[in-house]
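Here the structure comes first, spelled out in structure tokens, and everything after it is commentary.
The values are calculated or read from the model by the stated rules, or taken from the named source; none is laboratory data. All figures in this text were calculated on a predicted structure; none of them were measured in a lab. Every residue, glycine as well, gets a Cβ built from its backbone with ideal geometry; the counts of neighbours run over all protein chains shown. Ligands, DNA and RNA are stripped out before the accessible areas are found, and what is left, the full protein with its side chains, is counted by its heavy atoms. Shrake-Rupley method; radii C 1.70, N 1.55, O 1.52, S 1.80 Å.
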Amino acid sequence: MMNVSGLPKKVSIFEVGARDGLQNEKAVTTQDKLTLIEQLAEAGITRIEAGSFVSPKWVPQMADSGEVFTQLNQHNQRKAGVVYSALTPNLKGLELALDAGADEVAIFGAASETFSQRNINCSIAESIARFEPVMALAKAKNIPVRGYVSCVLGCPYEGDIDINEVARVSEILYKMGCYEISLGDTIGVGTPIKARKMVEAVAKLVPVEKLALHFHDTYGQALANIQACLDTGVSVIDSSVAGLGGCPYAKGASGNLATEDVVYMLHGMGIETGVDLTKLAKAGNQISQALGRDNGSKVAKAISAD
Ligand code: HMG
Ligand code: MG
């Protein structure tokens with residue numbers, strides 16, 4: 001639903017800190033991850049990406065994802081109404097995610113051939129073929145699947161990416177049955193007008209209410225890019241508490257957009273998120289402390305200094 005200004009009344013935050021964030025930080029303990037996930041839920045986040053079932057040789061930081069989900073399920077640490085999801089690049093990943101009890105999974109492709117090769121070791125066309133059996137098994141098990149498209153505003157290897165290619169790959173994932181397509185500015189190189197044009201191009205092929213913005217903040221443009229897209233009808237935003245992370249196969253992708261920063265901006269614009277900013281900042285401070293790094297959110301720093 002939109003308000004009079006053409007802005008959404010409500011935005012759904014899809015929190016990726018425990019996955020996209022922590023996959024690119026030094027390893028923390030499984031307990032640190034569980035504490036983070038619990039605190040995010042307590043702060044009112046209802047969609048939490050809690051892990052990734054990828055090769056542990058490629059991303060060792062996510063090797064304990066099975067344990068994270070098992071503990072969440074066995075020790076009653078789940079919060080009612082919260083969806084806990086995981087990345088699954090192939091059938092093996094989905095089987096592991098199902099065994100561990102993930103509520104929802106995500107496949108991830110790219111709009112750049114070179115990035116696809118470097119990230120998941122196959123071409124775009126091969127990745128689509130790999131996703132077919134994932135979609136079929138997920139459907140049989142009644143598990144919703146989200147679809148990511150990387151490099152929507154630029155690629156670390158190929159530079160500029162044609163927005164028509166972004167739209168083409170997005171439409172394929174949507175038509176395969178992904179309930180939502182998350183548009184990833186993987187290396188945070190986008191700027192507002194380009195971001196908006198890209199969303200408009202994708203929205204010609206995929207209903208805009210099925211799109212999410214996943215903008216990394218490497219060049220400090222993510223909030224501006226989001227603002228430029230908010231009146232297109234998009235109302236789902238991916239972000240990472242404390243600005244954790246990046247992508248191991250995208251040099252320079254140092255940090256996602258901080259959830260605290262986008263929630264502060266949205267609340268200031270009169271847009272609801274259901275998130276308690278003070279509790280969120282505490283969650284971000286705690287995981288930053290466990291990592292021995294600064295909290296990457298300006299808003300969290302300001303709140304914590306009060
Ligand atoms: P591959 O080498 O082509 O796959 O890797 P394979 O099927 O030949 O298997 C090779 C080995 O991996 C085998 O083990 C498999 O068992 C194992 P070995 O016999 O050598 O001991 N394997 C697995 N193990 C655990 N879970 C699995 C799995 N699959 C195979 N699911 C693969 C293909 C996709 C597995 C590999 O390239 C990989 O794991 N890549 C990791 C990519 C990744 O995690 N990237 C970061 C996430 S994407 C991202 O951050 C972008 C996003 O945020 C959006 C944006 O910002 O743009 C989503
Ligand atoms: Mg990402």
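Across the range 119-128, coupling constants 3J(HN,Hα) worked out from phi with the 6.51/-1.76/1.60 Karplus curve, θ = phi - 60°, read 8, 10, 6, 7, 6, 4, 4, 5, 5, 4 Hz, and Gly and Pro carry x. Beyond 21 Å in Cα-Cα separation lie the following of the pairs Lys57/Lys92; Lys33/Lys79; Lys33/Lys141; Lys139/Lys197; Lys141/Lys204; Lys139/Lys175: Lys33/Lys141; Lys139/Lys197; Lys141/Lys204.
Note that the range 296-302 has calculated 3J(HN,Hα) couplings of x, 9, 5, 4, 4, 5, 5 Hz, one per residue in order, obtained from phi through the Karplus relation 6.51 cos²θ - 1.76 cosθ + 1.60 (θ = phi - 60°); glycine and proline are x.
Of all DSSP-defined beta bridges confined to the chain, some 10% are antiparallel rather than parallel. Computed about the Cα centre, the dipole magnitude for the chain is approximately 140 debye when only Lys and Arg (+1) and Asp and Glu (-1) carry charge, each at its Cβ. Solvent-accessible surface of the chain, taken per residue with a 1.4 Å probe and all protein chains present: 41 Å². What lysines does Lys301 reach when the alpha-carbon gap must be under 20 Å and sequence neighbours fewer than 8 apart in one chain are set aside? Excluding near neighbours in sequence, the set is Lys279, Lys282.
Legend: Rg and Dmax of the range 121-194, from Cα coordinates, 13.4, 41 Å. In the range 62-200, the ratio of gyration radius to Kirkwood radius, Rg to Rh, stands at 1.01 when only Cα atoms are counted. Sequentially through the range 281-292, phi angles give Karplus couplings (6.51, -1.76, 1.60; θ = phi - 60°) of 4, 5, 4, x, 5, 5, 6, 5, 5, 4, 8, x Hz, Gly and Pro residues having no value and appearing as x. Within the accessible area of the range 12-305, the carbon and sulfur atoms contribute 50%, probe 1.4 Å, all protein chains present. Give me the percent of Cα-Cα pairs in the range 1-78 that sit more than 16 Å apart, rounded to a whole number. That fraction is 53 percent.
Between the residues Leu96, Ser123, Gly177, the greatest Cα displacement towards the positive end of the dipole of the chain, with unit charges on the Cβ of Lys, Arg, Asp and Glu, is found for Gly177.
Normalised by 2.2 N^0.38 Å, where N is the number of residues, the C-alpha radius of gyration of the chain stands at 0.91.
Separation of the range 48-110 and the range 125-147, taken as the distance between their Cα centroids, equals 15 angstrom. Within a straight-line Cα-Cα reach of under 15 Å, Lys210 can be paired with the following aspartates and glutamates, leaving aside sequence neighbours fewer than 8 residues apart in one chain: Glu171, Glu180, Glu200, Asp231, Asp238.
Close amide H partners of Cys122, meaning residues 5 or more places away or on another chain with modelled amide H under 5 Å apart, are Gln117. Site-free segments of the chain were taken between trypsin sites (Lys or Arg not before Pro) in DSSP loops having at most 13 other Cβ atoms within 10 Å, sites themselves excluded; the longest one is 58-140.
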